[in-house]
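Chemist: Take a look at this one; I'll ask things after.
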Amino acid sequence: MIELKEVTKENFEEVIALNAGDEGKFVAGNLYSMAEAKVYHEATPLAIYNNEVLVGFLMHEIDSDNNNHYICRLMVDKKYQAKGYGKQAMEVIIKKLQEDKSRNKIVISAEPDNSVAIKLYEKLGFKLTGEKVDGEDVLELIY
């Protein structure tokens with residue numbers, strides 16, 4: 001069972017030690033993300049747990065430019081990839097964000113050559129917009 005939990009001083013070291021195995025090709029490191037969350041207070045970093053085992057990291061925020069929900073990080077440690085944890089974590093965060101009735105869109109982006117992520121997002125209902133942000137393809141889920 002996937003749960004999203006707050007990153008605390010008790011799990012911080014374990015969260016920043018997670019490794020997606022792509023040498024930063026597709027996602028910023030968790031230490032960088034935690035620093036971002038400290039500076040950009042609208043960001044919410046979350047640890048992804050499967051039955052009390054830390055398997056990944058997710059961060060979301062309200063985009064200050066357009067007031068949409070923005071999932072800015074999703075990573076699963078290389079030891080736990082291809083087990084459905086990323087998809088389940090996305091399902092959990094999508095459901096939570098959709099409870100916010102003041103907004104009706106969730107945005108996410110992915111490197112164009114990260115076909116695994118793009119396919120996952122499309123399976124979850126996201127649609128490519130044709131836009132790019134910092135070289136990444138933008139996808140949105142309107143609810």
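Chemist: Tell me which of Leu128, Ile2, Asn104 sits at the most positive position along the dipole axis of the chain, charges placed on C-beta atoms (Lys, Arg +1; Asp, Glu -1).
Modeler: Farthest along the dipole direction, towards plus: Ile2.
Chemist: Let me ask something else. Output the pairs from Lys79/Lys132; Lys83/Lys105; Lys9/Lys83; Lys5/Lys95; Lys79/Lys105 with a Cα-Cα distance over 20 Å in this structure; if there are none, say none. Don't jump to the answer; show the numbers that get you there.
Modeler: On the way: Lys79/Lys132 30 Å; Lys83/Lys105 27 Å; Lys9/Lys83 27 Å; Lys5/Lys95 15 Å; Lys79/Lys105 32 Å.
With Cα atoms farther than 20 Å apart: Lys79/Lys132; Lys83/Lys105; Lys9/Lys83; Lys79/Lys105.
Chemist: Please state, as a whole number in µm²/s, the translational diffusion coefficient that the Stokes-Einstein equation yields for the chain at 10 °C and 1.306 mPa s, with Rh defined as the Kirkwood radius across alpha carbon pairs.
Modeler: It diffuses with D of about 104 µm²/s by this estimate.
Chemist: Return a whole-number percent for the relative contact order of region 2-142, with Cα pairs under 8 Å and 6 or more residues apart as the contact set.
Modeler: Values: 223 pairs, mean separation 28.2, N = 141.
RCO, region 2-142: 20 percent.
Chemist: Here is a follow-up. Name the trypsin sites (Lys or Arg not before Pro) in region 56-112 that are in a loop by DSSP and that have at most 11 other C-beta atoms within 10 Å, would you?
Modeler: Listed in order of number, the matching sites are Lys101.
Chemist: Can you tell me the 0 to 90 degree angle between the C-alpha axis of helix 30-39 and the longest principal axis of the chain, rounded to 10?
Modeler: 60 degrees
Chemist: What range in the chain is the longest one free of GluC sites (Glu not before Pro) that are in a loop by DSSP and have at most 15 other Cβ atoms within 10 angstrom?
Modeler: The answer is 53-98.
Coordinate-derived values only; no laboratory data. Everything numeric here is computed off the predicted structure, so don't read it as measured data. In this analysis, Cβ positions are derived from the backbone assuming ideal geometry, glycine residues included, and neighbour counts consider all displayed protein chains.
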